[in-house]
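First the structure, in the form of structure tokens, and then the observations on it.
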Amino acid sequence: MKLLPAAMTAVIVASLATIAPAPTAALAADVLLSQGRPATTSSSQGQGLEPYLAFDGNSNSRWSSQWSDPQWIRVDLGAAAQVNQIVLQWESAYAKAFQLQTSNDGTNWTTVYSTANGNGGTQTVNVNSSGRYVRMYGTQRNSAYGYSLWEFKVYGVAGTPPMGGPGYVLANPPVTGVVPSTYNPPHRYFHEFQANCNVTRDLPDDPIVYPGLAGASHMHTFMGNTTTNAGSTTASLQSGGTSCIVPGDKSGYWMPTMYNGSQVVSPIGPQVIYYKTGVNDYTSVRPWPTGLRFVVGSPTASASEFLDASVEGWECGESFFNADFPANCPAGSQLNVRYQSPSCWDGLYLDTPDHKSHMAYPINDICPATHPVAVPMIEFKMAFPVSGNMSQVRLSSGRGYSFHYDFFNVWEPAVLARMVGHCIVGGLQCDARGYDQSHPERGAALNEQYQLP
């Protein structure tokens, strides 16, 4: 996650920590919380110097900022955590004056360490704080160059978000006692199945972000459940119909509406929504609970954040890896996008106030300890029938990199369990019926009416 606009926020000054004289590793009870987590920054010097490279565990890759003050880089730990130690591995362009800060909301910051005499190298700072976000806020560079970090490591104890409260929807029952799987199963090139669902409607509604508030959202294009609107609940969706080929999939899927000038551009025919493994141990993937919901991506994402989560960005003809719409697409071609969801769940909540914190992306193909439950990874594969001059093409949420989508799980539990078990856990490349043409001997998960046999 990258390149959000810089913002000066009020800083609540707390007790200052001191640089530890010798330690190079965190205390035994602490774990590395930051590796592979989403990163944002006030600026990046260019391609190959993005902020996520400071959190990739590779001391040969780095983040570097623009050549001005102030600059900052922050990491999202995914959930509130106890932060006990921060290690900064500086490149030759380091911060002479900087602060280390924590935050629960990414807006209000508490300073836990401050210095005006930084010496670069590897700095190990012991702190005693908590928060979901950790930031290095640099105010004076040691040279004319920017700020540059090989690695930015945060150690501590993964926390648990508050039980209940506004915006929290508890799972009933919660899934507890799960340890992230490190098992390396037999190799399978595929472990997936498809949901094929048609567009049903366009509405300025979002029952996850703006529940009960009709017209409060930008326009969305809905697929799957035929009744989805601002007032939708688990119960109302279960009573609704579906445009998906599988009658047991009454889930709600929606994304920002595309326009070409003032004309709505809707995907035509069944759209492919892949259900895959996002972790190495595909045998550990289990179905979501009914009512689980989340938002993937953000309408305020930067171009680099969008490219982090999308598979190949926007594509048409021979043009790939575009954060924004290509300037032109070959006549008669389609504009395509593929975008992947988190595949690790905390086991506690069906929803959280930001509609994201209960979900996380794997780290090195393993679920983090904060989100140990491996669930299917959704990959939207949308095809929009628009070509030629693309200068008037836009999304209701903004530029091409504002693409995001929402998911509200209302699969019939037995049908979803059968598809996950047969196709993902079984290591097959299944169609919407749960049939792998390369392995006909394995049969299909569903009958010819796409129902349980």
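The values are calculated or read from the model by the stated rules, or taken from the named source; none is laboratory data. Not measured: the values here are computed from a predicted model. Positions of Cβ are generated from backbone atoms using ideal geometry, with glycine treated the same way; all protein chains shown enter the neighbour counts.
Scanning the range 400-432 for residues that are farther than 25 Å from S266 by Cα and either in contact with an Asp or Glu (Cβ under 6 Å, 6 or more places away or on another chain) or not in a helix (DSSP H, G or I) (or both) yields a count of 7.
Condition check for G443 on (1) touching a Gly at 6+ places or on another chain (Cβ under 8 Å); (2) surrounded by fewer than 19 Cβ atoms within 10 Å (Cβ to Cβ): one failure, at (1). Contact annotation: residue pairs with Cβ atoms under 8 Å, 6 or more positions apart or on different chains, pairing a residue in the range 344-368 that is buried (at least 21 other Cβ atoms within 10 Å of the Cβ) with a partner that is of a type in the set (K, R), are L350/R293; D351/R293; S357/R132; I363/R37.
Kindly indicate whether S357 is of a type in the set (S, T, N, Q) and more than 15 Å from the chain's Cα centre (by Cα). For S357, the condition - of a type in the set (S, T, N, Q) and more than 15 Å from the chain's Cα centre (by Cα) - is not met. Considering the range 106-121 alone, what residues qualify as being surrounded by 11 or more Cβ atoms within 10 Å (Cβ to Cβ) and either in contact with a helix residue (DSSP H, G or I) (Cβ under 7 Å, 6 or more places away or on another chain) or among the hydroxyl-bearing types (S, T, Y) (or both)? Scanning the range 106-121 gives T110, T111, Y113, S114, T115.
Quick check on my filter: what residues within the range 274-318 are among the charged types (D, E, K, R) and either in contact with a helix residue (DSSP H, G or I) (Cβ under 9 Å, 6 or more places away or on another chain) or touching a residue at least 24 places away in the same chain (Cβ under 8 Å) (or both)? Scanning the range 274-318 gives K276, D281, R286, R293, E305, D308, E312.
Just one of the listed residues (Y401, Y405) is among the aromatic types (F, W, Y) and either under 23 Å from N225 (Cα atoms) or free of Cβ contacts under 8 Å to residues at least 40 places away in the same chain (or both), namely Y405. Is there a residue in the range 303-317 that is assigned to a loop (DSSP other than H, G, I, E, B) and closer than 25 Å to G252 by Cα? Yes. Considering only residues that are crowded, with 16+ Cβ neighbours inside 10 Å and either of a type outside the set (S, T, Y) or not assigned by TED's automatic domain parsing to the domain that holds F408 (or both), which ones fall in the range 230-245? Scanning the range 230-245 gives A230, L237, G240, C244, I245.
Results for (1) modelled with pLDDT of 95 or more; (2) of a type in the set (S, T, N, Q), shown as yes or no for each residue.
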{"site": "L237", "(1), (2)": "yes, no"}
{"site": "G252", "(1), (2)": "yes, no"}
{"site": "S266", "(1), (2)": "yes, yes"}
{"site": "T277", "(1), (2)": "yes, yes"}
{"site": "V285", "(1), (2)": "yes, no"}
{"site": "T290", "(1), (2)": "yes, yes"}
{"site": "G297", "(1), (2)": "no, no"}
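For the range 179-200, a residue qualifies if it is surrounded by 17 or more Cβ atoms within 10 Å (Cβ to Cβ) and not hydroxyl-bearing (S, T, Y), and the qualifying residues are P180, F190, H191, E192, F193, Q194, A195, N196, C197, N198, V199.
Here's the yes/no breakdown for (1) assigned to a strand (DSSP E or B); (2) surrounded by 24 or more Cβ atoms within 10 Å (Cβ to Cβ):
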position: G46; (1), (2): no, no
position: Y52; (1), (2): no, no
position: D76; (1), (2): yes, no
position: A79; (1), (2): yes, no
position: Q85; (1), (2): yes, no
position: Q89; (1), (2): yes, no
position: A97; (1), (2): yes, no
position: L100; (1), (2): yes, yes
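If the condition is being free of Cβ contacts under 8 Å to residues at least 24 places away in the same chain and over 19 Å from the mean Cα position of the chain (by Cα), then the range 319-333 contributes S319, F320. Would you be able to say whether some residue in the range 299-320 is buried (at least 22 other Cβ atoms within 10 Å of the Cβ), closer than 20 Å to E50 by Cα, in contact with a Leu (Cβ under 9 Å, 6 or more places away or on another chain) and acidic (D, E)? Yes; the residues of the range 299-320 include at least one that is buried (at least 22 other Cβ atoms within 10 Å of the Cβ), closer than 20 Å to E50 by Cα, in contact with a Leu (Cβ under 9 Å, 6 or more places away or on another chain) and acidic (D, E).
For the range 153-182, a residue qualifies if it is in contact with a strand residue (DSSP E or B) (Cβ under 9 Å, 6 or more places away or on another chain), among the polar types (S, T, N, Q) and modelled with pLDDT of 80 or more, and the qualifying residues are N172, S181, T182.
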